[in-house]
Amino acid sequence: MKKCYNLLTALCLCISIFSFGQTTSKVTGVAKDKFQKNLEAATVSLLRTKDSSLVKVDMSDKQGRFEFVNIKEGSYLVSITAIGHKKSFSKTFSLSPGDAVNLGDVIMEEESKDLKGIVVTSKKPLIEQRIDRTVVNVEASVTNVGTSALEVLEKSPGITVDRDGNISLKGKQGVIVMIDGRQTYLSAQDLANLLRNMQSNQLEQIEIMTNPPAKYDAAGNAGIINIKTKKNRVMGYNGSVTLGYGQGRYPKFNESVNMNYRTGKFNLFTNVSHNYRKSFNDLTIQRKFIEAGTKELKSHFDQVSRMKDKNQSYNAKLGMDYFASKKTTFGVVFSGFYNPGQFRNHSIIDISDPAYDLQSQTQAFVRNDEKWRNFSTNLNFRHVFDSTGKELTADIDYIGYNASNNQNLINTYFDALGSPMLVPDTLLGDLPQDIKIYSGKIDYVHPLKKGAKLEAGIKTSFVRTDNNARYDSVLNGELVIDRGRSNHFIYDENINAAYVNISKQFSKKFSGQFGLRLEHTHAKGNQVTTGEKFERNYAQLFPTMFLQYSASEKNVFGLNYGRRIRRPDYESLNPFVMFLDRYTYEQGNPNLKPQFSHNVELSHTFMSFLTTTLNYTKTTDIIQQVLEQNTDENQTYVKQANIAKQRQYGVSVSAMTKFAKWWTGNIYANVYNNRFDGIVNNDFVSIGATTLVLNASQQFKFNKGWSAELSGFYRTEGVEGVFRIKPFGMMTVGASKQVLKNKGTVRVTVRDVLWTQKIKGESRFSNIDAAFQNQRDSRVANVSFTYRFSKGKVNGGNKRRTGGAGDEQNRVKVGGEN
C-alpha cells in the first residue's frame, strides 16, 4: 500500500512540474434573463461559425456560468436554450491557441409570460461525458419507452445486469444505487425488484460514477449510480401524463402523472404512478453430486422450473420547496410505495444414479404472496452565503420498510415408474421484515483563493432490522413449528462519517481534487432464537484523488484513485433459510465481513468525443454468492461468503459521433479481465476470464416530428464469482412521433427483437458441478403516449436536490423476485 501511495505521489509531481507554464484556450460566460437573474441548467452549445456544426455542449451551473476548455483554433459562436425563453446567440468570436474569451452576460428573452398551449422542448444528447461521471439522458432514447428503470440501466455504458437482476459496473459488483441523491438501502436482489417496478417515464437522467469523490459514502466496490427523477422548475403549473402498454407472453401496463406548481416563494411537486407486470421465467438446472475427497459421482440431478410472477407497484411522491429568501431554501419530500406481488413455481426434479438411470422424481409447488410497504421523509436546507459559492446544506432522512411474505411449499415424491413413494410434505413460511433507517448530514462549501475550493461534511446513520422468520410443517394434518428452520434475527448498526475535500486549478492545464473520508461502524447482531450474538466495531480511512491534465487542445488526460468498502446486505447477515424447493434454498451468513477495494483509473479524451479509460481494481475479502452441497440429501444451497481476493484490469472506449444531421451514434466498449482466488468448500479455487461488453445506440431524426432508434448490447463469456456465464445480448428498435402541436409524443418499441437474452452458465470447482439455462419474458412490444401541459414562465430559482441518506438503504431487500 505504501508503495502505491509513493508511486501516485511521484506521478502527481511529474505531471504538476510538466504542466506549469503551459496554456490552453477557454470560453466562458453567464446565462441571464432580462431581469439579470442567473439561469441555472440552461443548455449551452458551442457552434462553428462556418457551418453551425456542434462542437461541445455544457449546462449552466447555479450561478448561470458555463465554460468550454481545450477548443482548437477557429471562429465560433454560442447558442443558449432554456425552457420558456427564446433561443439566444452570443456574438461571433475567433479563438487562437492560449486565448481566454469571456462572453460576459448572455441575456435571454422570455418566450411568453403565458405558456398556455405552448410547449417548449429541447433535445439533449443521449450520453454526456463529464469530468467525474457519465450522464445518460433517459428521454433522449426512443427505445426506453415502456421499459423499467432496470432495463434502462441494462443499456447504459459500462453497466451489466445478470439473470437475477444483480447490477455490475465495468465488470465489478457492489454498485451503490441512489435515487435523487438518496441511497435506496437495498440489497442486489431486492434493488432489482424495486427497479423493475419503476418506469422509465419517471426518470430524467442516470449518473454513473466509477470512482466517486470523498463527499459520497465510501460504500460500493464498483462506484455509484444516481438515478434522477423528473422535477420541473417553471413558474405556474406544468406536468405530464403517460399511458403505456406492453405485450410479451403476458401483458404489462403503466400509468403516471407528474405535476409541478410554482408560485411566489413556494414550489410544489408530485408524482403518482402505477405499474403492472406479469411475466415468466424458465430455468433448467443440471447438477452432479460428487463425494468430497473421493470425487466419486453419487447421482445426477436434473431440474426444470416454470416460474410465473405478477407484480403491481403503486408509487407516490409529494414535495415542497420554500424559498425563504434569495439565499435560503427549505424543502420537504414525502414518498412511498406499495408493492403487492405473487410468485408461483412448479419444478420437476429427476434424480438418477451415476449411470443416468432414473431413481425418483419430485414435483415441487411454491407459492409466495408478498406485500412491501415503504414510507420515506426527507427534510433539506440550503443557504448560500454570497456569490462566491460559499454554501451550507443539510439533510435529515427517515426511511421505513415493512414487508410480509407468506410462502407455501408442497413436495410430492414418485418412483421411477411414476408411482407415489413417500408421503407428500408441506412447509409453510411466514417471513416478515421490519426495517427503520434514520440519517442526517451537513455539507459545507468554502471557496479559497486562487481558484481553490474546500468542501467538508459530517454524517450519521442508524439502522435497525427485525426479521422473525417462522416455518411450520404439516404433520398428520396439524401445523407444527419447524424450529430447525425458524429464526428471529435483530440487527442494529450505526455509521458515523466525516470528510474533507480540496480542489484547485493549479494552472490552465492542470487541476486536481484530493479528499479523505473517515467512517466508523458499530454493528450488533442478535439471533434471538438461538441466543447467539455478534458485535463489530471498526474505523477506516478512505482517500480519493482526481487529477486532470490538458496536454493540448485535442488531448486531455485524467488520473483518479479511491479506496472503497462494501458492507454486507442486512439480509445476507440473517441466517434464516429461503426455499425455492426442497433441494434448493438460500441461507444467510452472520459471519460476513466487509470487503475493501483499491481502484485506479487513467483516462484520455480526444477531441471531446472519444474517451479511453484504463482501470485496475484489487479487492480483498470479496463478498460473493457460492454454492454448497449436501451430497447425501441431494441438496444445494446458496449463501454469501468472503470467499476470495479479486483483481481486475480493463480498458473501455466511449465515442459519440454525428454521422449526418439526421444520424448520431453512441458506442461503448469495455474489455476487462476478472480473476478470483480463494478458499471455497475448503478447496482452493482460481477462476478467471477476459470479457468484452459492447453497448451501441444509433439515433435517427426525420422531418415532421419523426425519430427512430436502434440499440443493443452484447457480452462475451465472463466470470461472476464462482459462475462462468456464457455470451448473451439483445437488440431493441423503436420509433417516435410528436403529435398535438408537439404537446404529445407517441412511442413504439420492441425490446429484445430476436429473443437472444437467454442466459446460460456453469459452476465447476471442488465437488461442485452445475450448469443452468435461463430465459424470461424479455421480448416485449411497447406503445406509450405522453401528454405535456404547462402554464407559466421559467424561474431561475435556487432549488435544492433532495436526500442525504448513506449507503444503508442499498443493503435492504425489497421483494422476493427470482
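The values are calculated or read from the model by the stated rules, or taken from the named source; none is laboratory data. Predicted model, so just to flag it, every value in this text is computed and none were measured. We place every Cβ from the backbone using ideal geometry, glycine too, and count neighbours over all the protein chains shown. To get the accessible areas, we keep the full protein, side chains included, count just its heavy atoms, and leave off ligands, DNA and RNA. Shrake-Rupley method; radii C 1.70, N 1.55, O 1.52, S 1.80 Å.
Toward the positive end of the charge dipole of the range 538-594, about the Cα centre and with charges on Cβ (Lys, Arg +1; Asp, Glu -1), which of 577, 561, 549 goes farthest?
549
Lysines within cross-link reach of residue 288: Cα-Cα under 21 Å, excluding same-chain residues under 8 positions apart?
Partners found: 298, 639, 726, 760.
Rounded to a whole number of µm²/s, how large is the Stokes-Einstein D of the range 682-802 at 20 °C and 1.002 mPa s, given Rh as the Kirkwood radius over C-alpha pairs? All intermediate terms of the calculation are to be shown ahead of the outcome.
Details: Rh = 18.6 Å.
The estimated diffusion coefficient comes to 115 µm²/s.
Which FRET efficiency value, to the nearest 0.05, do you get for residue 257 and residue 540 by plugging their Cβ-Cβ distance into 1/(1 + (r/R0)^6) with R0 = 41 Å? Mind dumping the intermediate values first?
Values: r = 44 Å, r/R0 = 1.08.
For residue 257 and residue 540, the calculated efficiency is 0.40.
How many percent of the alpha carbon pairs in the range 498-640 exceed a separation of 28 Å?
Working: 4648 of 10153 pairs.
Considering the range 498-640, 46 percent of its Cα-Cα pairs are separated by more than 28 Å.
Using 1/(1 + (r/R0)^6) with R0 = 30 angstrom and r between the beta carbons of residue 450 and residue 328, what's the FRET efficiency to the nearest 0.05?
For residue 450 and residue 328, the calculated efficiency is 0.55.
Need one number: the % of Cα-Cα pairs in the range 431-493 sitting beyond the 18 Å mark. Numbers along the way, then the final one.
Details: 1241 of 1953 pairs.
The calculated P(r) of the range 431-493 puts 64 percent of pairs beyond 18 Å.
Write out the trypsin sites (Lys or Arg not before Pro) in the range 722-759 meeting two conditions: DSSP loop, and at most 10 other Cβ atoms within 10 Å of their Cβ.
Working: sites: 724, 737, 741, 743, 747, 751, 758; in loops: 741, 743, 758.
Passing sites in the range 722-759 are 741.
Once you charge only the Cβ atoms, +1 for Lys and Arg and -1 for Asp and Glu, what is the size of the charge dipole of the chain about its Cα centre, to the nearest 20 debye?
Using only the charged Cβ atoms, the result is roughly 4080 debye.
Of (i) 65.1; (ii) 37.4; (iii) 34.3, which is the value of mean projected area of the Cα convex hull in nm² derived from the coordinates here?
Read-out from the structure maps to (iii).
What's the carbon and sulfur percent of the chain's accessible surface, probe 1.4 angstrom, rounded to a whole number? It would help to have the intermediate numbers written out before the result.
Values: 19710 of 34510 Å².
C and S fraction of accessible area: 57 percent.
Once label points are set 7 Å from the Cα along Cα→Cβ at both residue 488 and residue 606, what is their separation, rounded to one decimal in nm?
6.5
State, to one decimal in nm², a quarter of the convex hull surface area for the C-alpha atoms of the range 406-538, i.e. the direction-averaged projected area. Kindly include the intermediate steps, with their values, before the conclusion.
On the way: hull surface 62.9 nm².
Average of the hull's projected areas for the range 406-538 equals 15.7 nm².
With a 1.4 Å probe and every protein chain left in place, work out the accessible area per residue of the chain in Å², rounded to a whole number. If you can, show how the numbers build up before the last one.
On the way: 34510 Å² over 818 residues.
Heavy-atom accessible area per residue stands at 42 Å².
In square nanometres, what is one fourth of the surface area of the convex hull spanned by the alpha carbons of the range 280-389?
Seen from a random direction, the Cα hull of the range 280-389 projects 14.1 nm² on average.
Could you order peptides 201-214, 322-335, 426-439 by the average number of other Cβ atoms within 10 Å of their residues, highest first?
201-214, 426-439, 322-335
By how many nm would the segment from residue 338 to residue 703 grow when fully extended, if each residue of separation counts as 0.36 nm and the alpha-carbon distance is taken off?
Details: separation 365, 0.36 × 365 = 131.40 nm, distance 4.25 nm.
Value of the extension gain: 127.2 nm.
Strictly over 28 Å apart at the Cα level, which of 72/390; 278/593; 155/701; 215/554; 459/593; 56/509 would you flag in this model?
On the way: 72/390 33 Å; 278/593 37 Å; 155/701 20 Å; 215/554 31 Å; 459/593 22 Å; 56/509 19 Å.
With Cα atoms farther than 28 Å apart: 72/390; 278/593; 215/554.
Beta carbons within 10 angstrom, averaged per residue: use that to sort the peptides 416-424, 90-98, 298-306, highest first. Walk me through the numbers before you get to the answer.
Details: 416-424: 10.9, 90-98: 13.4, 298-306: 18.3.
My ranking of the peptides, most packed first, is 298-306, 90-98, 416-424.
For an R0 of 51 angstrom, estimate the FRET efficiency from the Cβ-Cβ distance between residue 476 and residue 783 and round to the nearest 0.05.
Details: r = 55 Å, r/R0 = 1.07.
Once rounded, the FRET efficiency stands at 0.40.
Of all alpha-carbon pairs in the range 603-677, indicate the percentage at a distance above 17 angstrom.
On the way: 1814 of 2775 pairs.
Cα-Cα pairs in the range 603-677 separated by more than 17 Å: 65 percent.
Do any of 252/317; 436/618; 26/62 go past 24 Å between their Cα atoms, and which?
Values: 252/317 22 Å; 436/618 33 Å; 26/62 20 Å.
Correct reply: 436/618.
Compute from the Cα atoms of the range 329-433 the Rg and the Dmax, the latter being the longest Cα-Cα distance, and quote both in angstrom.
In Å, with Rg to one decimal and Dmax whole: 26.7, 84.
About the Cα centre, and with charges only on the beta carbon of Lys, Arg (+1) and Asp, Glu (-1), how big is the dipole of the range 654-795? Nearest 20 debye, please. It would help to have the intermediate numbers written out before the result.
Details: 21 positive and 9 negative charges, 296 e Å.
The calculation lands at about 1420 debye.
Where the convex hull is taken over the Cα atoms of the range 477-554, what is its projected area averaged over directions, in nm²? All intermediate terms of the calculation are to be shown ahead of the outcome.
Details: hull surface 43.5 nm².
Spelled out: convex hull of the Cα atoms, projected over all directions, averaged, 10.9 nm².
Can you give the Kirkwood hydrodynamic radius for the range 245-311, in Å, rounded to one decimal and based on Cα pairs? Intermediate results must be reported in sequence, preceding the final value.
On the way: mean 1/r = 0.0582 Å⁻¹.
That comes to 17.2 Å for the range 245-311.
Rank 705, 407, 153 by how far each Cα sits towards the positive end of the charge dipole of the chain (+1 on Lys, Arg Cβ; -1 on Asp, Glu Cβ) and give me just the farthest.
705
Mind checking the dipole of the range 508-592: about its Cα centre, +1 per Lys or Arg Cβ, -1 per Asp or Glu Cβ, Debye to the nearest 20? Before the final figure, lay out each step's value.
On the way: 12 positive and 8 negative charges, 117 e Å.
In total the dipole reaches around 560 debye.
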